[in-house]
Amino acid sequence: MFTLPAFDPVSAPEGLAPRGSFGRWHSRVRKLPEFSGELPVVALAEEILTEGPGQVKAFVTFAGNPVLSTPNGRELDHALASLEFMVSIDCYINETTRHAHIILPPTSSLERGHYDLAFHLLAIRSTTKFSPALFQPGEDAQDDWEILLELQTRMKHDGLLLSAPLASKRVEPATDYTD
Amino acid sequence: MRTTHNSSLHYRNCNLCEAICGIEISVQAGQRLNIRGDNDDPFSRGYICPKAVALQDVHYDKDRLKFPVRRTTNGWQRIGWDEAFDEVAQKLKGIHAKYGRNHVYASGV
């Protein structure tokens, strides 16, 4: 009944796959419990709009469009407009990312290799498959992992910005169609 | 990858949802795509949904962003990656310094 994925979060070491948690801490405004380190998205708008210690001032979105896809999106739409800073890692300007001060777009699905780490766990058969990129990404394109790694690096090295070229270790497409 | 005279077949998974369907993409002249279910994929066995076929619509969509942009009073302005990374890192670090670490939220809904 259950699959045995090549990467199995259930049997992976604790550091790679946390075991989950509930209620270790609560949201500031209406005291909703955390679940595995995350809060229900219904708490987001009020955490931005309610003043006081702990008020959300900056917001990072990574794909998704919560103004459109979450309950009471109109209130979130209003709340995002009041942030001090917002950045979106997203390849579209949409209802949510239109509030971002900066948008960082990753390569398209067909420009990057893919190995699914999450969904084999929920599948009905044990299979594994690596998908190589179909198209060579543009010279100036960044994969989503490169964007996250670069942000992490620049946040970590306080005051020290990288001058070296951006790290890039992509798996090359099977065929180069750019010629 | 199987290549014939001017077309080739590429096999991959659709990454748009948890069904991770196997797809076969026929590429003609380097860019015309025909996407169908991969009958030999041991997981999805040829089944797909309309999202997989639309992977090409996203890839070729003229509205898809291909470079970083900054919001200005005159609309969206193209900026370089280095400048974009610098500004995001400086702004987030500034908010950390001013208010503390619990003032930055992230979502991937």
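Values in this text are rule-based calculations from the coordinates and carry no lab data. What you see is a predicted model, and the numbers here were worked out from it, not measured in a lab. Cβ atoms come from the backbone with ideal geometry, glycine included; neighbour counts cover every protein chain shown.
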- Amide H of A:Leu104: which non-local residues (sequence gap of 5 or more, or other chain) have their own amide H closer than 5 Å, using H built in the peptide plane? A:Ser88, A:Ile89, A:Asp90
- The lysines whose Cα lies under 23 Å from the Cα of A:Lys31, excluding any fewer than 8 residues away in the same chain, are A:Lys57
- Item | Footprinting exposure proxy for A:Thr107, A:Thr70 (fewest neighbouring C-beta atoms within 10 Å first) | A:Thr70, A:Thr107
- Dipole size in debye (nearest 20) for region B:1-90 around its Cα centre, Lys and Arg Cβ +1, Asp and Glu Cβ -1? 300
- Going by alpha carbons, how many degrees (0 to 90, nearest 10) lie between the helix axis of B:81-99 and the longest principal axis of chain B? 50
- Note on the structure: Taking a ≥ b ≥ c as the square roots of the Cα gyration tensor eigenvalues, with a/c under 1.5 meaning rounded and otherwise prolate when a/b beats b/c or oblate if not, region B:43-109 comes out oblate
- Which cross-chain or sequence-distant (5 or more) residues have an amide H under 5 Å from the amide H of B:Asn15, H modelled 1.01 Å from N in plane? none
- In nm, to one decimal, how far is the modelled label at B:Arg45 from the one at A:Val29, with both set 7 Å along Cα→Cβ? 4.9
- Message: If neighbour count is taken as other Cβ atoms inside 10 Å, put B:Ser26, A:Ser88 in order from fewest to most.
- Response: B:Ser26, A:Ser88
- Message: Run through region B:11-59 and list the chymotrypsin sites (Phe, Trp or Tyr not before Pro) located in a DSSP loop whose Cβ has at most 10 other Cβ atoms within 10 Å.
- Response: none
- Value of D in µm² per second that Stokes-Einstein yields for the protein assembly as shown, Kirkwood Rh from Cα pairs, at 25 °C (0.890 mPa s): 116
- When the dipole is taken about the Cα centre of the protein assembly as shown, and only Lys, Arg (+1) and Asp, Glu (-1) are charged at their Cβ, what size is it in debye, to the nearest 20? 440
- Message: As I understand it, the dipole of region B:1-104 uses +1 on the Cβ of Lys and Arg and -1 on the Cβ of Asp and Glu, about the Cα centre. Which of B:Ile25, B:Tyr60, B:His96 lies farthest toward its positive end?
- Response: B:His96
- Candidate cut points under chymotrypsin sites (Phe, Trp or Tyr not before Pro) in region A:1-99, DSSP loop plus at most 14 other Cβ atoms within 10 Å of their own Cβ, are A:Phe2
- Task: Run the dipole for region A:45-157 about the Cα centre, Lys and Arg Cβ at +1, Asp and Glu Cβ at -1, nothing else charged, and hand back the magnitude in debye, nearest 20.
- Result: 340
- Item | Filtered trypsin sites (Lys or Arg not before Pro), region A:15-80: DSSP coil and at most 11 other beta carbons within 10 Å | A:Arg19, A:Lys31
- As a Kirkwood estimate from alpha-carbon pairs, region B:1-82 has a hydrodynamic radius in angstrom of 14.9
